[in-house]
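Chemist: Dropping the structure in here first, questions after.
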Amino acid sequence: MNEIISKEDIIKSNKYFCDAMKLYDFNKSKSFDFLEKSSELNPQNSDILYNMGVIYSESFNFDKSIQCFEKALQISPKNESILYNLANQYFLSNNFEKALTGFEKLISQNSRALDALYNTAYIYMRIKKDYIKAIDYFKRVIKFDEINIDALFNLALCYSLNGNKQESSKIYEKLLKIVPDHFPACFNLAVLYKESDRKDKAIIMFRKYLSLPNKSEDKEQHKFIKYATTRLRELEK
């Protein structure tokens, strides 16, 4: 049973909350102090708890942020910002099962919750290795955001990992029409062409990949550059 809060305490709490918001972007520590005072006077205000959770999250104190968001959610169980941020804290804490539950609960309320859709797809792809479900969620992201480059890239990757190299190639080709110098997509598409015995296209794509600037600045790309150079030489013989 919720405790009865006096009108006077609500007024004082609101004053502290307003003071906290004025300082929010300039002095997080002082802002948090005002939020704590505000919450002590009115512990049933989910907005106060939500903002405390955000500040804890920004300082990477995920345990405390989760506590705040959980309390806020008990007060406002359908608040989409609280639902998303709580799920995201679980995600950042590597508690992927709870993160997935939270994201999917939000999606059940709002089918256009793009960040929740993307994060759900990512968990299914990277953590659960369930490429069928990951494909479904990435496609939902693209339904509402046709040029979401990360979703397109990961969708193509999921198709490839699930054995559908033809569909994967189509998605990479679509992505490269939007961002022609996306070097990971160029590399992956070149490999798919090679594996599909599309020699001429593989040569063109490996050449394009190797000609793109800035990729050498990415240390992760060094092994791919070596691989592409070797494969291109073999194909050009």
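The values are calculated or read from the model by the stated rules, or taken from the named source; none is laboratory data. Since we're looking at a predicted model, the values are computed, not measured. Backbone-built Cβ (ideal geometry, glycine too); neighbour counts: all protein chains shown.
Chemist: Hey, among the residues in region 1-41 that are among the polar types (S, T, N, Q) and under 15 Å from CYS68 (Cβ atoms), which one's surrounded by the most Cβ atoms within 10 Å (Cβ to Cβ)?
Modeler: SER38
Chemist: Quick one: in region 114-153, which of the residues that are closer than 28 Å to SER65 by Cα and of a type in the set (Val, Ile, Thr) is surrounded by the most Cβ atoms within 10 Å (Cβ to Cβ)?
Modeler: The qualifying residue surrounded by the most Cβ atoms within 10 Å (Cβ to Cβ) is THR120.
Chemist: Mind listing just one residue for me: the one in region 208-237 that is more than 18 Å from VAL179 (Cβ to Cβ) and of a type in the set (Lys, Arg) and, of those, modelled with the lowest pLDDT?
Modeler: Selected residue: LYS219.
Chemist: Here is a further query. Can you report the number of residues in region 179-199 which are of a type in the set (Gly, Ala, Ser) and not in a loop (DSSP other than H, G, I, E, B)?
Modeler: Result for region 179-199: 2.
Chemist: Within the set of pairs 6+ apart or on separate chains, which have a first residue in region 139-167 that is free of Cβ contacts under 8 Å to residues at least 60 places away in the same chain, a second that is assigned to a loop (DSSP other than H, G, I, E, B) and basic (Lys, Arg), and C-beta atoms under 6 Å apart?
Modeler: Final answer for the pair search is PHE144/ARG112.
Chemist: Could I ask something else about it? Could you list, in sequence order, the residues of region 168-222 that are polar (S, T, N, Q) and on the phi > 0 side of the Ramachandran plot? Reasoning before the result, please.
Modeler: Of the residues in region 168-222, the ones polar (S, T, N, Q) are 168-169, 188, 196, 211, 214, 216, 221.
Of everything in region 168-222, just one residue is polar (S, T, N, Q) and on the phi > 0 side of the Ramachandran plot, namely ASN214.
Chemist: Oh, and also: Which one is surrounded by the most Cβ atoms within 10 Å (Cβ to Cβ) among residues in region 56-96 that are polar (S, T, N, Q) and assigned to a loop (DSSP other than H, G, I, E, B)?
Modeler: ASN79
Chemist: Moving on to the next point. Residues being surrounded by fewer than 17 Cβ atoms within 10 Å (Cβ to Cβ) and either touching a residue at least 24 places away in the same chain (Cβ under 8 Å) or touching a strand residue (DSSP E or B) at 6+ places or on another chain (Cβ under 8 Å) (or both): count how many of those fall in region 97-113.
Modeler: 4
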